[in-house]
Every structure is written in structure tokens, then in C-alpha cells.
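One structure is given below, encoded as C-alpha cells.
The values are calculated or read from the model by the stated rules, or taken from the named source; none is laboratory data. Every value quoted in this text rests on a predicted model; they were computed, and no experiment measured them. Note that we place each Cβ from the backbone using ideal geometry, even for glycine, and neighbour counts take in every protein chain shown. Keep in mind that these areas ignore ligands, DNA and RNA; they rest on the heavy atoms of the full protein, side chains included. Shrake-Rupley method; radii C 1.70, N 1.55, O 1.52, S 1.80 Å.
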Amino acid sequence: MIKDRGTMKWTAMMLPEHLMLLKEWKQEVFTEPPRERTEWELEELQQTISRAIVQHNYIMLTIWKQAHYVQWGGFIQAMNEEELLLETITTTKHIPLRYIYAAYIEDDGLD
């Protein structure tokens, strides 16, 4: 007969804490550091965003969000010195300009 039943009982009660610590460790290890952009990349980004606003084109933005890069697509409704207003299919997002990493205009194929 196994006499370590009490040890097994207490070990199982500590499991949620271990899972939480493992999750935090994974987030630290697998997070991407934000990449630095050169001056010409920033100029190209500004020109692409300006062209999308003037021509009212569909734009795909790569955004640094919560230690990962995500992509959102939509139409730019407005822009000021600090943020951009992007209308997606389902919502309208306020995106700080400092988090935008890349942008490209989707070709509609009507040319």
C-alpha cells in the first residue's frame, strides 16, 4: 500500500500556482522585442498612411500590441499627431501612432 497519499494531495493543490508561474515564464521567454525602424522606414510609413487617407484605400497595418505584432486591416477615418482612427469590418479602433510598425495598401485589382 502506498503511504504517500498526503504528499500527492498537497502537490495537486500547488499545481495552479505552478501553471501561473510557467505561463509568466513562457511570456517572458517568447515575447518579441520591438524592432527599431530606420528613418527611411518611418518616412515610407508616413507616405503610405497619407496616401491611404487621401485616396481612401484599404490599408493593412502591422501593430505592436502586448509584446506581439498583430495585423489589422480597414479604412483610415482620421489621424492626428498621436493616434489614428481605423475602421475595420466590425469595429473602429484608436491606434497610437507609436505602435504602428508597418503599413501597406491593399490592391483592389480593378486597374
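Points worth noting:
- Tally, over the range 60-111, of residues that are surrounded by fewer than 12 Cβ atoms within 10 Å (Cβ to Cβ) and in contact (Cβ under 8 Å) with a residue 60 or more places away in the chain: 0
Each row is one residue, and each column tells you yes or no for (1) open to solvent by less than 100 Å² (accessible area, probe 1.4 Å); (2) modelled with pLDDT of 85 or more; (3) farther than 16 Å from Y99 by Cα; (4) not hydroxyl-bearing (S, T, Y).
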| residue | (1), (2), (3), (4) |
| --- | --- |
| H18 | yes, no, yes, yes |
| T31 | yes, no, no, no |
| E36 | no, no, no, yes |
| L42 | yes, yes, no, yes |
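- Qualifying positions in the range 42-98 - hydroxyl-bearing (S, T, Y) and outside any strand (DSSP E or B): T48, S50, T88, T90, T91
- Condition check for E24: at pLDDT 85 or above, assigned to a helix (DSSP H, G or I), of a type in the set (D, E) and farther than 23 Å from P96 by Cα: yes
- Checking each residue in the range 44-59 for being farther than 14 Å from Y99 by Cα and either touching an Asp or Glu at 6+ places or on another chain (Cβ under 9 Å) or open to solvent by 40 Å² or more (accessible area, probe 1.4 Å) (or both) picks out E44, Q47, S50, R51, I53, V54, Q55, H56, N57, Y58, I59.
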